[in-house]
Amino acid sequence: MFELSVGAIIYTMDRETMKFLVIRDFHGNYGFPKGHAEKDETLEETALREIREEVGLQVCLDTSFEEELNYIMPNGIAKRSIYFLASYRDQIPIRQEEEVAEIRLAEYEDALQLLTFANMKEALIKAKRYIDEKQ
C-alpha cells in the first residue's frame, strides 16, 4: 500500500529565461510542491490545491505530462508521488510558512543542482525535455 501525493513541476518565464520553482522543506530537502488528496478530490484538483496552499500560485496545469515516483521513506512508509507540469505568469510565489522553508526560482541547470533526490532530478529532466519538444 502506497501513501499517495500529487503535485507539479512548476515553471515560469522571466523575460526570455525559463525558471523552475523549487521548494525546501524543514528537513533541508529541495523538491516540488505536492501533498495528499482530500476526500473525493481528483489528482488534478489535489495538485492545484496543494500548489495554491504551498506557494500561493494559480497555475495552468498540463496533465499530458505525468511523472510517477515510487520510493520508500527512511521510516519504511511506501510513497507514490505523481507530478504534472504547471506554468504561471505575472504572480509572486508566497510560501506556506508551516510547510515550506524556502521558495527558489532557478534556471534549469541550477534547479537540477538544488534538487535533493535523484528521482526528482530525473523528473525535472523529463519535464524540460517535454517542454522543449512542445515549443
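Pairing residues of the range 1-17 that are over 21 Å from Val55 (Cβ atoms) and of a type in the set (A, V, I, L, M) with residues that are outside any loop (DSSP other than H, G, I, E, B) and at pLDDT below 95, at Cβ distances under 7 Å and at least 6 apart in sequence or on separate chains, gives Met1/Ala78. Of the residues in the range 83-103, at least one is over 13 Å from the mean Cα position of the chain (by Cα) and at positive phi.
Scanning the range 18-35 for residues that are assigned to a loop (DSSP other than H, G, I, E, B) and under 20 Å from Gln91 (Cα atoms) yields a count of 2. Being surrounded by 11 or more Cβ atoms within 10 Å (Cβ to Cβ), closer than 21 Å to Asn119 by Cβ and in contact with a Gly (Cβ under 6 Å, 6 or more places away or on another chain), is that true of even one residue in the range 58-65? Taking every residue of the range 58-65 in turn, none turns out to be surrounded by 11 or more Cβ atoms within 10 Å (Cβ to Cβ), closer than 21 Å to Asn119 by Cβ and in contact with a Gly (Cβ under 6 Å, 6 or more places away or on another chain). Among the residues making up the range 71-95, those that are in a loop (DSSP other than H, G, I, E, B) and surrounded by fewer than 16 Cβ atoms within 10 Å (Cβ to Cβ) are Met73, Pro74, Asn75, Gly76, Ile77, Arg89, Asp90, Gln91, Ile92, Ile94. One residue alone among Phe26, Phe32 is exposed (fewer than 11 other Cβ atoms within 10 Å of the Cβ) and closer than 22 Å to Ala106 by Cα, and that residue is Phe26. Evaluation of Glu54 against the conditions (1) surrounded by 18 or more Cβ atoms within 10 Å (Cβ to Cβ); (2) over 20 Å from Leu124 (Cβ atoms) shows that the sole unmet condition is (2). Taking into account only those residues within the range 1-17 that are over 19 Å from Ile94 (Cα atoms) and more than 12 Å from the chain's Cα centre (by Cα), which is surrounded by the most Cβ atoms within 10 Å (Cβ to Cβ)? Top of the filtered list is Leu4. Whenever a residue of the range 110-124 is closer than 12 Å to Glu67 by Cα, its partners that are assigned to a helix (DSSP H, G or I), lying with C-beta atoms within less than 8 angstrom and at least six residues away or across chains, give the pairs Lys121/Leu112; Leu124/Tyr108; Leu124/Ala111; Leu124/Leu112.
Only one of these is in a helix (DSSP H, G or I) and either under 24 Å from Phe2 (Cβ atoms) or free of Cβ contacts under 8 Å to residues at least 40 places away in the same chain (or both): Glu68, Glu38, Glu54. Name it. One residue alone meets the criteria, Glu54. Mind listing whichever residues of the range 11-31 are out of contact with any helix residue (DSSP H, G or I) (no Cβ under 7 Å at 6 or more places or on another chain) and under 17 Å from Ala101 (Cβ atoms)? Selection gives Arg24, Asp25, Phe26, His27, Gly28, Asn29.
The values are calculated or read from the model by the stated rules, or taken from the named source; none is laboratory data. No experiment lies behind these values; they were computed from the predicted model shown. All Cβ positions, glycine included, derive from the backbone under ideal geometry; neighbour counts span all protein chains shown.
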